[in-house]
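The values are calculated or read from the model by the stated rules, or taken from the named source; none is laboratory data. Note that the structure is predicted; figures quoted are calculated from it, not measured. No Cβ is skipped: glycine too gets one built from the backbone with ideal geometry, and neighbour counts run over all protein chains shown.
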Amino acid sequence: MKKAPITDSFGYAFAGLFATIKSERNMKIHCFMAVCVAIAGVIFKIQPYEWLTCITLFGLVMGLETVNTAIEAVVDLVTEERKPLAKKAKDAAAGAVLIAAIMAAGAGLFIFVPKLVDLLI
């Protein structure tokens, strides 16, 4: 069986990403926060290693949000009933996003609070 061109794979991936952004409130929040952090990074002239940290965490949080969306969709596809394992899968996926978002916020505070303090002093 011949595989589809790699461009098709990228097309499917982008379609999934854009569908997630369009349909998921939390993904919209993550995107908004990424833009805000990027603007703050430009304003405060953050160092390359700080940019690398921010970009890595953007990818981690948004990637996990996309996986969370996929897990929720599969669980909803498999059952409409309330089942303990379905709840566990959905809650665990959401928890993974929450952990990453908390760590990203912590890193953001670590990067930007000293810069704000320097600006105010």
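Residues checked against (1) outside any helix (DSSP H, G or I); (2) over 15 Å from the mean Cα position of the chain (by Cα); (3) surrounded by 17 or more Cβ atoms within 10 Å (Cβ to Cβ):
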site	(1), (2), (3)
18	no, no, no
40	no, yes, no
50	no, yes, yes
61	no, no, yes
74	no, yes, no
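Got at least one residue in the range 81-98 being surrounded by 15 or more Cβ atoms within 10 Å (Cβ to Cβ), at pLDDT 95 or above and in contact with a Cys (Cβ under 8 Å, 6 or more places away or on another chain)?
no
Spot the failing condition for residue 69; the list is (1) surrounded by fewer than 14 Cβ atoms within 10 Å (Cβ to Cβ); (2) more than 20 Å from residue 107 (Cβ to Cβ); (3) among the hydroxyl-bearing types (Ser, Thr, Tyr), and only one is missed.
(1)
Within the range 20-32, restricting attention to residues that are touching a residue at least 40 places away in the same chain (Cβ under 8 Å) and part of a helix (DSSP H, G or I), which residue is surrounded by the fewest Cβ atoms within 10 Å (Cβ to Cβ)? Step through it out loud before you land on a result.
From the range 20-32, those touching a residue at least 40 places away in the same chain (Cβ under 8 Å) are 20, 23-24, 26-27, 30; that's our starting set.
Still in the running and part of a helix (DSSP H, G or I): 20, 23, 26-27, 30.
Values: 20: 22, 23: 11, 26: 17, 27: 21, 30: 23.
The residue in question is 23.
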